[in-house]
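What follows is a single structure, written as structure tokens, with notes after it.
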Amino acid sequence: MTIEVKYSCDEVDWDLVASILKRVGMGHYAPEIHSKAFHASHTTVFIFDDDKMIGFGRALSDGAYQAAIYDCAVLPEYQGQKIGSLILEHILKQLEGCNVILYAAPGKEGFYQKLGFSRLKTGMAKFVAEKIMQDKGFID
């Protein structure tokens with residue numbers, strides 16, 4: 001396995017991004033929507049094994065003291081090989097000095113806790129697809 005980290009959205013296959021998110025059970029949209037979201041992000045990280053994209057993530061930030069991480073995903077066949085940790089490591093390097101929030105898929109909280117994240121005691125959300133998020137266990 002030859003791992004390469006890229007930060008640019010140039011030449012990203014957005015169909016593959018949508019496909020990976022769907023495969024791992026995360027929110028997914030039309031490829032052009034993912035392209036718009038990643039291009040508008042403060043930080044983007046894409047992980048490749050040779051020329052094959054195997055994972056990615058992004059962060060929104062004011063670049064001063066607040067940030068939020070979204071869309072961290074790793075192909076199932078590469079999970080458990082520290083690829084997710086590598087994505088977070090590279091995102092967090094770009095967010096030094098910032099408070100960082102994210103919401104984890106139910107059952108994945110432990111992964112983020114191992115990387116130094118703590119559970120929030122308070123938090124609020126307003127989702128477009130509230131019923132879906134409720135069914136997935138994100139909200140009561």
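Where a number appears in this text, it was derived from the coordinates with a stated rule and is not lab data. Keep in mind that this is a model prediction, so the values were computed, not measured. Using ideal geometry, Cβ is built from the backbone for each residue, glycine included, and neighbour counts are taken over all protein chains shown.
The table that follows gives values for the structure above.
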{"read-out": "Among the listed pairs Lys22/Lys108; Lys82/Lys126; Lys22/Lys136; Lys82/Lys136; Lys82/Lys108, those beyond 23 Å (Cα-Cα)", "value": "Lys82/Lys126; Lys82/Lys136"}
{"read-out": "Sorted by Cβ density within 10 Å, fewest first, the residues Met53, Met26, Met124", "value": "Met124, Met26, Met53"}
{"read-out": "Karplus 3J(HN,Hα) series, Hz, for the stretch 51-57 with 6.51 cos²θ - 1.76 cosθ + 1.60 (x for Gly, Pro)", "value": "9, 9, 5, 10, x, 6, x"}
{"read-out": "Computed helical MRE - 222 nm, the chain, DSSP H runs ≥ 4 contributing -39500 (n - 2.57), nearest 500", "value": "-8000 deg cm²/dmol"}
{"read-out": "Neighbour-limited loop hits for trypsin sites (Lys or Arg not before Pro), the stretch 1-105 (at most 13 other Cβ within 10 Å; DSSP other than H, G, I, E, B)", "value": "Lys82"}
{"read-out": "P(r) weight above 19 Å for the chain, C-alpha pairs, percent", "value": "52"}
{"read-out": "Neighbour count of at most 11 Cβ within 10 Å plus DSSP loop: longest GluC sites (Glu not before Pro)-free window in the chain", "value": "12-95"}
{"read-out": "Among 59-68, 112-121, the order from most to least packed when residues are scored by Cβ within 10 Å on average", "value": "59-68, 112-121"}
{"read-out": "Residues whose placed amide H lies under 5 Å from that of Cys72, excluding near-sequence neighbours", "value": "Arg58"}
{"read-out": "FRET efficiency for Met1 and Glu89, using Cβ-Cβ distance with R0 set to 22 Å, rounded to 0.05", "value": "0.80"}
